[in-house]
1. Quick check on the range 263-399: take the gyration tensor over C-alpha atoms, sort the square-rooted eigenvalues as a ≥ b ≥ c, and tell me if it's rounded (a/c under 1.5), prolate or oblate.
2. Ala373 to Thr131: FRET efficiency via 1/(1 + (r/R0)^6), r the Cβ-Cβ distance, R0 60 Å, to the nearest 0.05?
3. Mind giving me the nanometre distance, one decimal, between the label points for Ser275 and Arg552, set 7 Å out from Cα along Cα→Cβ?
4. At 7 Å along Cα-to-Cβ for each site, give me the label-to-label distance between Thr176 and Gln296 in nm.
5. Could you report the range 468-572's accessible area per residue, 1.4 Å probe, as an integer in Å²?
6. According to a simple spin-label model (label point 7 Å from Cα along Cα-to-Cβ), what is the distance in nm between Leu562 and Arg404?
7. For the range 332-381, what is the convex hull (Cα atoms) projected area averaged across all directions, in square nanometres?
8. How would you classify the range 358-415 from its alpha-carbon gyration tensor, with a ≥ b ≥ c the square roots of the eigenvalues: rounded for a/c under 1.5, else prolate if a/b is greater than b/c, otherwise oblate?
Amino acid sequence: MVAAVLVLTACGVPDSGHPVVLRQIAPGGADQPDPSNVHSEPSAPRKDGTAVQSVEGFLLALATTPENSYAAAKNFLSPANQRWAPTGPLRVFSQTAVASVGKPDSGQVRITGSQVGLLNADGTFTPQPATVDVTVQLNRADGLWRIDNPPADVLFRSDFFSQSYVPVPLYFLDPTGQRLVPDIRYLDASTSLSDRWTAAMRLLIAGPSPWLTGAVKTAIPASTRLRGNVIQEDQDVAVDVSSDAALTPQNLVAGMVAQFVWSMKGAVGGVAGGSVQLLVDGRQVTSIGTGATVKQIQNQYDPSAATAHLDPFRIVGGVVQKVLDAPDAPDVPSAVSAATGVRSAAMSIDGGAVAMVRSAAGGRQTLFTGPSAGPLRPVLTAGTVSAPTWEPDHSGALAAVDGREIGYAPMDHPVITAGAPGLAAILGKSGRLVAVRLAPDGVHLALVVSDGSVGQVLVGVFQAGTFSAAVTSLRVISSKLTGATDVAWTGDNALLTIGRRGEVVQNEIVADGSGEQITLAVGLHDVPTQIAAVPNRTLVTSGGYVYQSFQRGWASPDNSHLIPGTGVFYPG
């Protein structure tokens with residue numbers, strides 16, 4: 001009881017009065033599944049159908065998600081296999097063919113395709129390319145072909161993935177405790193909204209995914225439990241947690257509130273237009289011990305606030321300039337305003353620091369870093385240095401060095417090489433690391449590796465201290481384009497790269513590797529040398545000019561005359 005009182009005091013919830021009464025919903029109860037995400041199930045093998053048709057029906061039934069214990073899929077299994085209950089991750093694959101082996105009446109059917117990755121029990125997606133080649137045996141009884149030896153794992157067709165699973169960003173804290181870092185989970189789209197939201201909160205309380213463990217932290221005590229389902233009343237959504245939340249240290253209470261509120265907002269999406277209410281032991285949290293209200297905490301930790309109002313810069317003739325000379329556009333930071341011979345540049349999101357790469361003697365390149373007001377100091381000279389990218393709080397900048405290493409330049413300290421387990425194997429003998437781009441959260445890192453032809457996009461997890469830095473858990477998430485040399489973050493879980501597949505095309509990539517969409521880059525005739533993006537606004541430099549992405553295609557940012565530029569960047 002003492003602990004409960006401490007929590008209620010720390011969280012600003014009155015320790016007297018009546019708890020808020022909430023409508024409780026049993027799992028699978030009153031709320032209905034989201035109709036926009038539900039698709040019809042194939043019912044059973046067709047009378048006098050073929051063995052191939054039964055296997056195709058089985059695969060379609062699996063794509064209705066496992067909410068009903070694969071009841072639809074089991075209609076395609078023989079009576080001896082009705083207890084089939086796969087326990088491993090879902091193998092998400094792009095189906096190539098379903099075909100008979102030998103004579104059509106042999107009952108042998110071969111499934112082939114390319115595995116994209118695995119959907120794990122905690123809702124995380126792991127990119128894991130592999131060949132799918134599975135042969136199943138069917139027997140015919142009463143005119144129906146049924147499968148006698150179903151695959152050990154669930155084969156889930158990738159073209160149904162976005163219909164069957166909803167991506168939900170759960171938020172954890174960066175090492176400073178000042179910023180939220182998204183951890184994307186995929187939840188069953190066929191369940192009721194209440195069940196889906198409740199599942200999201202349980203996953204949040206359980207902690208970060210293995211991929212991010214060690215790079216992020218949670219302020220939610222492990223003993224915290226949900227008190228019933230997450231519910232919706234009018235336009236508001238309420239999540240009620242146990243008094244174990246009292247165990248949160250005072251300096252992390254605001255972070256805990258932010259985790260719950262923003263993760264719940266991510267789970268709700270556009271379904272509910274009201275507020276998220278956090279309750280502890282049935283009592284609504286309105287403020288915390290510091291006096292900060294929940295609304296103030298929500299605004300303080302807004303994941304999109306840092307990039308919402310950033311203005312871009314360009315490099316033309318070796319000089320940093322504004323992209324558009326609008327009256328309200330910020331001036332070029334004084335530290336680089338007079339610099340010449342600039343090849344690339346970057347500014348931290350908080351505006352506190354800048355970095356630039358300039359040509360040096362002997363065809364080499366030098367990286368300079370320092371405060372935005374100057375002075376800048378040379379910190380690294382090498383054969384090649386890629387466009388730099390900053391940590392959000394300007395603790396340090398990163399760049400690819402000589403196409404083989406990742407250099408980390410902490411402010412006021414010597415440059416160090418970031419450890420990157422697995423990078424050398426990915427590079428091989430001919431691969432070159434050509435781009436490094438840190439996400440606004442400061443933890444997710446995107447890389448581009450090129451062998452002179454195909455560009456591979458990788459993502460990893462970045463961690464740094466004053467005298468050490470590491471990029472871990474590297475994953476190849478795309479290798480579809482030739483000539484791709486840069487990448488940009490367009491959202492929490494979204495990347496953009498541009499290259500060729502005959503013509504110039506753009507590839508919008510889900511950053512966890514679960515999907516990508518390649519479309520013609522209308523208006524671009526050359527592969528861009530640099531890409532810069534914030535949510536809802538993307539710029540590139542191509543053929544010596546700056547282009548912006550519009551709904552109709554790529555065009556000049558001011559919609560009139562061409563704007564020269566060989567480089568472009570947003571703070572970040």
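The values are calculated or read from the model by the stated rules, or taken from the named source; none is laboratory data. Just so it is clear, the structure is predicted and the values come from calculations on it, not from any experiment. Reconstructed Cβ throughout: ideal geometry from the backbone, glycine too, with neighbour counts over all protein chains shown. The accessibility values were calculated without ligands, DNA or RNA, using every heavy atom of the protein model including side chains. Shrake-Rupley method; radii C 1.70, N 1.55, O 1.52, S 1.80 Å.
1. Taking the square roots of the gyration eigenvalues as a ≥ b ≥ c, the range 263-399 is prolate.
2. Efficiency for this residue pair is about 0.60.
3. Result for the modelled spin labels: 4.3 nm.
4. Distance between the two pseudo-spin positions: 2.0 nm.
5. On a per-residue basis, 40 Å².
6. Simple spin-label model gives 3.8 nm for this pair.
7. Average projection, Cα convex hull of the range 332-381: 3.2 nm².
8. Cα axes put the range 358-415 in the oblate bin.
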